[in-house]
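Contents: one structure, followed by commentary.
The values are calculated or read from the model by the stated rules, or taken from the named source; none is laboratory data. This structure is a prediction, so every number in the text was calculated from the model and none was measured. These accessible areas exclude ligands, DNA and RNA; they are computed on the full protein's heavy atoms, side chains included. Shrake-Rupley method; radii C 1.70, N 1.55, O 1.52, S 1.80 Å.
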Amino acid sequence: MKIELEQDVKGLLPEKDYDRRDFIWTALGASAALAVASSASGQTVNTDAGGLDVADVMIPAKDAQLRGYRAMPASGGPFPVVLVCAEVFGLNPYVKDVCRRLAKAGYYAIVPDLYSRTVDLTTITNIAEIMPVVNSKYDSELIGDYDATVEFARASFNADVSRVAMTGFCRGGRTTLIYAAAQPSLKAVAAWYGPVGGQASAYTPRTAMDRAAEFKVPVLGLYGGKDAGIPVEQVEKFFAALKASGTPSELVVYPDAGHGFHADFRPDNYRKADAESAWSRMLAWFRKYGV
């Protein structure tokens, strides 16, 4: 799945010009340096758990127990739910921190490890070994896993599953779009630099673009104008299709940002001002549509 691999991986590399040949070999040789937090950068956000109830959890899904993480305010509730979708690096400290940030904003935030059946992606040190695992996930199974995550939240008296939003980053942005197309009960979604196109396979038979006419859920897109793997023109075409079908949607492009601009643990990708602006837009989008 060459196209999907390029879209998911290319933006993780430091911003520079690549031709098609040198990109693919550089990407395949990329190591854990792309995925492991660099605290020395001084940019990594560390959200404390003060005032929160946080836990590693096991989510019952079809034929599996999925690892997961959830965070919510320590008192009050029930809280509106935000489903979180990780990048290709699994349940790493960054995505858990995202859940705590959402909990600080008053949400019950939960992220499942979609690849629990196969491997813990945080233990893999080479992106060339990660992508075959990620690209072998059936969209149908992905949808079922998030349905199971909603049911897990439903079992908690602290979660109000009548108010569910969703957000995800990179491959998780694509996950957000695919699930939104399949689950019209969501109130709103925010996709951060998620691929909208790609090459069809038995695992991912249709892209977000292919499903554009099926969306009923309001969609916010947060993208970088200098994303090396996801052309802005492609994303603009997708959002034009959403509007043509009557789906409430908004595309925000940060002109000087590349891929992964919210990923504070990767200093070559992170853009603090754009990340904070996009986060505020996301929360406002959720509030606008009742979450």
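Okay, here's what the table says:
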{"quantity": "Where the chain is the region considered: accessible area per residue in Å², 1.4 Å probe", "calculated": "40"}
{"quantity": "Whole-Hz ³J(HN,Hα) from phi, Karplus 6.51 cos²θ - 1.76 cosθ + 1.60, for segment 221-230, glycine and proline x", "calculated": "x, 10, 9, x, x, 10, 5, 6, x, 10"}
{"quantity": "C-alpha center-to-center spacing [segment 48-94, segment 116-170] in angstrom", "calculated": "11"}
{"quantity": "Between segment 264-279 and segment 214-254, the alpha-carbon center distance in angstrom", "calculated": "20"}
{"quantity": "Percent of beta bridges antiparallel (DSSP, the chain, rounded to nearest 5)", "calculated": "40"}
{"quantity": "Relative contact order of segment 67-117, defined on C-alpha pairs under 8 angstrom at six or more residues apart (%)", "calculated": "56"}
{"quantity": "Long-range amide H partners of Asp160 with built H, under 5 Å", "calculated": "Phe79, Val81"}
{"quantity": "Residues with amide H under 5 Å from that of Glu87, placed H, sequence gap 5 or more", "calculated": "Phe169, Gly172"}
{"quantity": "Residue-level accessible surface for Thr123, protein heavy atoms, 1.4 Å, Å²", "calculated": "90"}
{"quantity": "Segment 150-263 - percent relative contact order, Cα under 8 Å, separation 6 or more", "calculated": "23"}
{"quantity": "Length gained when the stretch Ala55-Glu129 is fully extended (0.36 nm per residue, less Cα-Cα span)", "calculated": "23.8 nm"}
{"quantity": "Per-residue SASA entry for Phe79, accessible area with 1.4 Å probe, Å² rounded to 10", "calculated": "20"}
{"quantity": "The chain - mean residue ellipticity at 222 nm from DSSP helices (-39,500 (n - 2.57) per run, n ≥ 4, rounded to 500)", "calculated": "-10000 deg cm²/dmol"}
{"quantity": "Karplus-derived 3J(HN,Hα), 6.51/-1.76/1.60, for each residue of segment 73-84, Hz, glycine and proline x", "calculated": "x, 6, 9, x, x, x, 9, x, 9, 10, 7, 10"}
{"quantity": "Under 5 Å, built H, 5+ apart or other chain: amide partners of Leu251", "calculated": "Gly221"}
{"quantity": "Accessible-area value, Trp279, 1.4 Å probe, nucleic acids and ligands omitted, Å²", "calculated": "40"}
{"quantity": "Links that overshoot a 29 Å alpha carbon limit, given the list Lys62/Lys243; Lys104/Lys288; Lys237/Lys272; Lys96/Lys187", "calculated": "Lys62/Lys243"}
{"quantity": "Percentage relative contact order, the chain, counting C-alpha pairs under 8 Å, at least six apart", "calculated": "20"}
